[in-house]
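So the structure is just underneath, and the comments pick up after that.
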Amino acid sequence: MGKRLALIFLLAFTLLEMGVNQSFAATTPDTGPRWDSLSPEIKGVLTPVAPDWDQMPAFQRKRLANAAKHYPQLSPDEQARFRERLPEWAKLPHEQRKEARETYKKFHDLPKEKREVLKKRWQEEKGGATEEKPTPTLLPSHTPVPAR
């Protein structure tokens, strides 16, 4: 479960870092972009989710299409991370994606020094032993929880 939360956090971090607009409401009555209306460039980025595209909620299709527009501006490492994590992100329930975005916002609102400490600790855990370790979380006071 810890690795899954880390994956969620990183994908949320990547998408939000790209400036994904959070103004799309889940209650939007329109259908969102259909697969056949997307440009070839956006289709190329979103190919991993093509089979499920037309079954996704409209707000999710809009967010993913918006994220795909920013894809060319990403570094090669960020592009690889995006491609790798997109299928998992798209399959997450709405509530888990919402939680990941909120976690990212809390992380982003921390002072830079605390963010760097958490990033370093997460990198150490990610590169550490093969046993699964819990992912550090942020408490409302923005205090990191020690890893066990």
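Bear in mind these aren't lab numbers, they're just calculated from the coordinates by the rules spelled out. Quantities reported herein were computed from a predicted structural model and do not represent experimental measurements. In this analysis, Cβ positions are derived from the backbone assuming ideal geometry, glycine residues included, and neighbour counts consider all displayed protein chains.
Using a basic spin-label model with each label point 7 Å from the Cα along Cα→Cβ, how many nm lie between LYS106 and LYS126?
Output for this residue pair reads 1.9 nm.
Points 7 angstrom from Cα along the Cβ direction at ASP52 and ASP36: gap in nanometres?
Calculated label separation equals 2.3 nm.
Label segment 87-131 by shape, choosing from rounded, prolate and oblate, from the square roots a ≥ b ≥ c of the eigenvalues of the Cα gyration tensor; if a/c is under 1.5 it is rounded, and otherwise prolate applies when a/b is larger than b/c, oblate when it is not. Present the calculation step by step, with values, prior to reporting the outcome.
Numbers: a/c = 3.62, a/b = 1.23, b/c = 2.94.
Oblate, since a/c reaches 1.5 and b/c is not below a/b.
Considering only Cα-Cα distances, which of the following residue pairs are longer than 27 Å: LYS91/LYS112; LYS62/LYS114; LYS43/LYS106; LYS69/LYS126; LYS98/LYS119? Provide the component values of the computation, followed by the final result.
Values: LYS91/LYS112 31 Å; LYS62/LYS114 33 Å; LYS43/LYS106 32 Å; LYS69/LYS126 29 Å; LYS98/LYS119 21 Å.
Checking Cα-Cα distances, LYS91/LYS112; LYS62/LYS114; LYS43/LYS106; LYS69/LYS126 exceed 27 Å.
Could you give the length gained by full extension between VAL117 and GLU95, i.e. 0.36 nm per residue of separation minus their alpha carbon distance, to one decimal place?
Numbers: separation 22, 0.36 × 22 = 7.92 nm, distance 2.75 nm.
Full extension of this stretch gives 5.2 nm more.
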